[in-house]
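Participant: Just dropping this structure here.
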Amino acid sequence: MSWELDQVHQDFQASARAFVDRQVRPLVESAEEAGSFPAELWKQLGSAGLLGLITPEAHGGADGDGLAVALLAEELARASGGIAVTALVSAYMAAPHVIRHGTPAQQDRWLAPLAAGEAVAAIAVTEPGTGSDVARVGTTARRTEDGWLLNGRKMFITNAGLADLIIVAARTGDAGRGGLTLFLVGRGTDGLSLGRPLAKMGWHSSDTREVLLDDVALPADAVLGTENRGFYQIMEAFQLERVALAAMGIGHAAECLDLAREYAGQREAFGEPLTHLQTIRHRLAAMEVELEAARLITYQAAARLDAGHPEAARSVARAKYLAAISANRIVDDAVQLFGGAGFVEESPVARHYRDVRILRIGGGTDEIQLEILTRGMA
Ligand SMILES: Cc1cc2nc3c(=O)[nH]c(=O)nc-3n(C[C@H](O)[C@H](O)[C@H](O)COP(=O)(O)OP(=O)(O)OC[C@H]3O[C@@H](n4cnc5c(N)ncnc54)[C@H](O)[C@@H]3O)c2cc1C
């Protein structure tokens with residue numbers, strides 16, 4: 001048993017960190033102000049191999065693992081939640097559906113461009129009327145002579161305004177889990193329209209919108225995976241998605257702990273640095289303990305997912321729950337330690353505070369993770 005990252009993952013972590021420091025950090029403030037993802041980053045991320053970590057080599061990827069995705073998510077979120085989620089949704093929340101279930105033709109069409117940052121993907125499951133309860137998706141896909149006709153509305157769709165490809169969950173069968181199918185919908189398809197970007201509490205540089213499907217006609221080969229197995233495909237993809245979101249929490253928390261330590265060493269109160277106050281030193285130590293626990297449980301979940309461990313889904317639910325809550329607590333403590341300076345909009349800890357909150361909601365709320373862990377209880 002090893003509690004350390006192996007050399008391959010340590011090297012990857014160092015290179016991801018160097019990429020983020022060099023290519024991402026300088027763009028964060030302007031992306032926040034513009035409220036958009038810096039377009040030039042797509043190809044840079046792609047060239048660095050950071051969008052194809054789990055894409056098969058035959059399609060331009062590294063054929064790597066979920067632990068690497070977690071490490072990348074952590075490094076990206078240290079710099080910016082909005083930039084992190086934009087890249088992660090395309091490469092590790094939407095693209096995996098095509099990696100796992102795409103036909104050879106669908107894979108040839110999408111995987112290499114997505115890994116290269118030449119195309120962007122989104123995954124559209126949530127609707128105005130249902131989020132946590134995926135089995136209640138109401139968007140319909142009706143069979144036509146030569147394909148399908150989709151009608152419905154999707155809500156809170158990350159990357160909708162940037163996406164060349166939107167993977168849409170729609171009902172093709174009976175009510176409930178056994179009646180959903182995933183469809184590939186390309187940008188510009190007739191009947192597909194987008195709402196305005198939603199103004200959000202955080203993730204300012206990410207694009208989140210409503211997606212409207214009004215008689216969207218699709219060919220028969222737009223089905224992704226197996227008809228009426230969409231619910232299960234979504235649940236399968238949620239595993240890596242939740243690991244990535246948990247790891248984003250680790251990134252926000254780690255960054256804020258570093259910032260808080262630095263600030264506490266410099267800021268004076270009552271004639272001495274904050275670090276001379278035992279209560280402050282203890283708070284910083286407690287933040288470290290909580291961060292390390294969340295990090296270990298997240299890496300364990302990633303490693304178990306990669307290994308196909310029978311407890312993987314439980315590990316993922318535990319990690320998503322703990323990391324999201326711990327990260328929120330740690331980031332909140334950092335704001336407290338910064339005092340008034342932590343409440344000013346442009347302070348980095350204020351940005352992390354805004355960004356970290358969604359991690360307790362997106363990709364399955366805290367409560368849904370607890371539901372997963374209590375399944376089967378009498
Ligand atoms: C910024 C942002 C980006 C997003 N990106 C995407 C995306 O790209 N694609 C996509 O499909 N969706 C996306 N979502 C949607 C997100 O996944 C949902 O918001 C989330 O799953 C919760 O669903 P809901 O908002 O409908 O809340 P609801 O399901 O209505 O839940 C409301 C509250 O009730 C609680 N609750 C629900 N069921 C139970 C239960 N059984 N037991 C106890 N408590 C329960 C929830 O935990 C929550 O606290 C995004 C959301 C946001 C805000």
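The values are calculated or read from the model by the stated rules, or taken from the named source; none is laboratory data. Small disclaimer: the values here were computed from a predicted structure and weren't measured. Because the Cβ atoms are built from the backbone with ideal geometry, glycine has one as well, and the counts that use them run over all protein chains shown.
Participant: If I filter the stretch 101-112 for residues that are under 30 Å from Asn328 (Cβ atoms), in contact (Cβ under 8 Å) with a residue 12 or more places away in the chain and in contact with a Gly (Cβ under 6 Å, 6 or more places away or on another chain), do I get at least one hit?
Facilitator: Just the residues of the stretch 101-112 that are under 30 Å from Asn328 (Cβ atoms), to begin with: none.
Checking the stretch 101-112: not a single residue is under 30 Å from Asn328 (Cβ atoms), in contact (Cβ under 8 Å) with a residue 12 or more places away in the chain and in contact with a Gly (Cβ under 6 Å, 6 or more places away or on another chain).
Participant: Is it true that some residue in the stretch 208-220 is in contact with a His (Cβ under 9 Å, 6 or more places away or on another chain) and not charged (D, E, K, R)? Before the answer, list the steps.
Facilitator: Kept after step one, since they are in contact with a His (Cβ under 9 Å, 6 or more places away or on another chain), are these residues of the stretch 208-220: none.
There is no residue in the stretch 208-220 that is in contact with a His (Cβ under 9 Å, 6 or more places away or on another chain) and not charged (D, E, K, R).
Participant: Related question: Taking Ala253, is it in contact with a Ser or Thr (Cβ under 9 Å, 6 or more places away or on another chain), of a type in the set (A, V, I, L, M), buried (at least 20 other Cβ atoms within 10 Å of the Cβ) and without any contact (Cβ under 8 Å) to a residue 60 or more places away in the chain?
Facilitator: On the way: in contact with a Ser or Thr (Cβ under 9 Å, 6 or more places away or on another chain): yes; of a type in the set (A, V, I, L, M): yes; buried (at least 20 other Cβ atoms within 10 Å of the Cβ): yes; without any contact (Cβ under 8 Å) to a residue 60 or more places away in the chain: no.
No, not satisfied.
Participant: Out of (1) crowded, with 21+ Cβ neighbours inside 10 Å; (2) within 19 Å of the chain's Cα centre (by Cα), what's the single condition that is false for Trp110?
Facilitator: (2)
Participant: Confirm whether Leu240 is of a type outside the set (Asp, Glu), farther than 26 Å from Gly188 by Cα and touching a residue at least 24 places away in the same chain (Cβ under 8 Å). Explain how you work it out, then say what you get.
Facilitator: Numbers: of a type outside the set (Asp, Glu): yes; farther than 26 Å from Gly188 by Cα: yes; touching a residue at least 24 places away in the same chain (Cβ under 8 Å): yes.
Yes, satisfied.
Participant: Here is a follow-up. Report yes if Val211 is outside any loop (DSSP other than H, G, I, E, B) and under 12 Å from Thr140 (Cβ atoms), otherwise no.
Facilitator: On the way: outside any loop (DSSP other than H, G, I, E, B): yes; under 12 Å from Thr140 (Cβ atoms): no.
Considered against the rule, which asks whether it is outside any loop (DSSP other than H, G, I, E, B) and under 12 Å from Thr140 (Cβ atoms), Val211 comes out as no.
Participant: Follow-up. Which of the numbered conditions does Ile99 fail, given that it passes all the others? Conditions: (1) within 16 Å of the ligand (Cβ to nearest atom); (2) of a type in the set (A, V, I, L, M); (3) surrounded by 20 or more Cβ atoms within 10 Å (Cβ to Cβ).
Facilitator: Only one criterion is unmet by Ile99, namely (1).
Participant: Take Val69 and tell me if it is under 15 Å from Ala237 (Cβ atoms) and surrounded by fewer than 23 Cβ atoms within 10 Å (Cβ to Cβ). Break it down stepwise before answering.
Facilitator: Values: under 15 Å from Ala237 (Cβ atoms): yes; surrounded by fewer than 23 Cβ atoms within 10 Å (Cβ to Cβ): no.
No; evaluated as a whole, the condition is false for this residue.
Participant: Within the stretch 302-334, restricting attention to residues that are closer than 17 Å to Thr365 by Cβ and small (Gly, Ala, Ser), which residue is surrounded by the most Cβ atoms within 10 Å (Cβ to Cβ)?
Facilitator: Filtering the stretch 302-334 for residues that are closer than 17 Å to Thr365 by Cβ and small (Gly, Ala, Ser), the one surrounded by the most Cβ atoms within 10 Å (Cβ to Cβ) comes out as Ala323.
Participant: A further question follows. Determine which member of the set Asp108, Asp146, Asp133 is under 19 Å from Gly191 (Cβ atoms) and not basic (Lys, Arg).
Facilitator: Working: Asp108 fails: under 19 Å from Gly191 (Cβ atoms); Asp133 fails: under 19 Å from Gly191 (Cβ atoms).
The unique qualifying residue is Asp146.
Participant: If I filter the stretch 195-226 down to residues being within 16 Å of the ligand (Cβ to nearest atom), farther than 17 Å from Ala169 by Cβ and among the hydrophobic types (A, V, I, L, M, F, W, C), which single residue comes out as surrounded by the most Cβ atoms within 10 Å (Cβ to Cβ)?
Facilitator: Trp203
Participant: Is it the case that the stretch 355-376 has a residue that's within 16 Å of the ligand (Cβ to nearest atom), in a loop (DSSP other than H, G, I, E, B), hydroxyl-bearing (Ser, Thr, Tyr) and outside the structural domain of Gly35 (by TED's automatic domain parsing)? Show your work before the answer.
Facilitator: At the first step, the residues of the stretch 355-376 found to be within 16 Å of the ligand (Cβ to nearest atom) are 355-376.
Going one step further and asking which of them are in a loop (DSSP other than H, G, I, E, B), we end up with 361-365, 375-376.
Subsequent filtering for residues that are hydroxyl-bearing (Ser, Thr, Tyr) retains 365.
Among the residues that remain, those that are also outside the structural domain of Gly35 (by TED's automatic domain parsing) are: 365.
Yes - at least one qualifying residue is present in the stretch 355-376.
Participant: Hey, another quick one. State yes or no: is Thr130 more than 23 Å from Arg304 (Cα to Cα) and assigned by TED's automatic domain parsing to the domain that holds Phe156? Give the derivation first.
Facilitator: Working: more than 23 Å from Arg304 (Cα to Cα): yes; assigned by TED's automatic domain parsing to the domain that holds Phe156: yes.
For Thr130, the condition - more than 23 Å from Arg304 (Cα to Cα) and assigned by TED's automatic domain parsing to the domain that holds Phe156 - is met.
Participant: Out of the residues in the stretch 127-153 meeting the condition of being near the ligand (Cβ under 9 Å from one of its atoms) and free of Cβ contacts under 8 Å to residues at least 40 places away in the same chain, tell me which one is farthest from Asp214 (Cα to Cα). Reasoning before the result, please.
Facilitator: Keep residues of the stretch 127-153 that are near the ligand (Cβ under 9 Å from one of its atoms), which gives 127-134.
Subsequent filtering for residues that are free of Cβ contacts under 8 Å to residues at least 40 places away in the same chain retains 127, 129-131, 133.
Working: Glu127: 14, Gly129: 17, Thr130: 19, Gly131: 20, Asp133: 23 Å.
Top of the filtered list is Asp133.
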